[in-house]
Amino acid sequence: MKSKWLVFTNAYIFFGTSLYAGVLWSLHFFWYPTWRVYTAENYYDHFIPPTAAATQFFTVVVPLMFACHAIMVWKEWKTGMRWIALGALACLTGATYVGQFHIIPINKILAGRITDPARLTDLLQQWMALNDIRWVVMTISWLLLMYYFGSKAYRWDMRS
């Protein structure tokens with residue numbers, strides 16, 4: 001049962017990290033690379049519903065990721081893989097910090113229907129720059145986890 005639980009928690013970590021990083025890659029390259037065309041008249045309908053939905057979704061996903069990361073760190077504490085597990089946890093912590101303390105406040109301001117074009121541009125520039133930080137951090141987390149799972153698979157493969 002213990003190993004099944006670890007498989008589940010590790011799978012959830014990789015699911016959550018892949019989803020989180022994937023959303024940030026999509027945001028960067030597909031959804032909002034043209035954010036500069038938003039005006040005070042049109043940004044709300046194109047920006048607020050998707051960001052509100054993502055916030056609501058990740059408010060459930062991320063706390064479970066933290067719990068699973070804690071299990072991974074605990075399981076790997078006496079191995080060299082603890083540094084990989086701690087690195088991935090640090091990345092999630094950093095991305096969560098940026099989101100909770102910097103991006104969410106901007107989302108709340110934007111949800112108030114900004115009418116000043118200069119203020120809107122400033123807020124969207126900040127929002128994109130902050131999400132670029134999360135994009136890099138969560139990509140690093142994904143790469144660390146790929147190394148973690150890849151090295152486990154390699155060691156399993158080399159046993160025979």
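The values are calculated or read from the model by the stated rules, or taken from the named source; none is laboratory data. All figures in this text were calculated on a predicted structure; none of them were measured in a lab. In this analysis, Cβ positions are derived from the backbone assuming ideal geometry, glycine residues included, and neighbour counts consider all displayed protein chains.
Any residue in the stretch 99-122 that's part of a helix (DSSP H, G or I): show its pairings with residues that are surrounded by fewer than 13 Cβ atoms within 10 Å (Cβ to Cβ) and of a type in the set (S, T, N, Q) at Cβ separation under 7 Å, as long as the two are six or more apart or on different chains.
Listed pairs, sorted by first residue: PRO117/THR39.
Let me confirm something: among GLY99, GLY112, which residue is more than 30 Å from LYS2 (Cβ to Cβ), of a type in the set (Gly, Ala, Ser) and under 14 Å from the mean Cα position of the chain (by Cα)?
GLY99
Which one of these is of a type in the set (A, V, I, L, M), touching a Phe, Trp or Tyr at 6+ places or on another chain (Cβ under 7 Å) and either closer than 21 Å to ASP132 by Cα or buried (at least 16 other Cβ atoms within 10 Å of the Cβ) (or both): LEU27, LEU92, LEU86?
After applying the criteria, what remains is LEU92.
Of the residues in the stretch 29-71, how many are touching a residue at least 40 places away in the same chain (Cβ under 8 Å) and farther than 24 Å from TRP5 by Cα?
13
List pairs: first residue in the stretch 84-98 and under 18 Å from THR55 (Cα atoms), second residue surrounded by fewer than 19 Cβ atoms within 10 Å (Cβ to Cβ) and of a type outside the set (Val, Ile, Thr) anywhere in the structure, Cβ distance under 6 angstrom, at least six positions apart or on different chains.
Filtered contacts from the stretch 84-98: VAL98/LEU130.
Would the stretch 77-94 turn up any residue that is farther than 17 Å from LEU143 by Cβ, assigned to a helix (DSSP H, G or I), touching a helix residue (DSSP H, G or I) at 6+ places or on another chain (Cβ under 7 Å) and β-branched (Val, Ile, Thr)?
No.
Output the number of the condition that PRO63 fails; it satisfies all remaining conditions of (1) of a type outside the set (A, V, I, L, M, F, W, C); (2) surrounded by fewer than 18 Cβ atoms within 10 Å (Cβ to Cβ); (3) at pLDDT below 95.
The number of the failed condition is (3).
Considering only the stretch 1-33, state which residues are at pLDDT below 95, part of a helix (DSSP H, G or I) and under 26 Å from GLU76 (Cβ atoms).
LYS2, SER3, LYS4, TRP5, LEU6, VAL7
Quick one: which residue in LEU64, LEU110 is farther than 22 Å from LEU27 by Cα and of a type outside the set (Lys, Arg)?
LEU64
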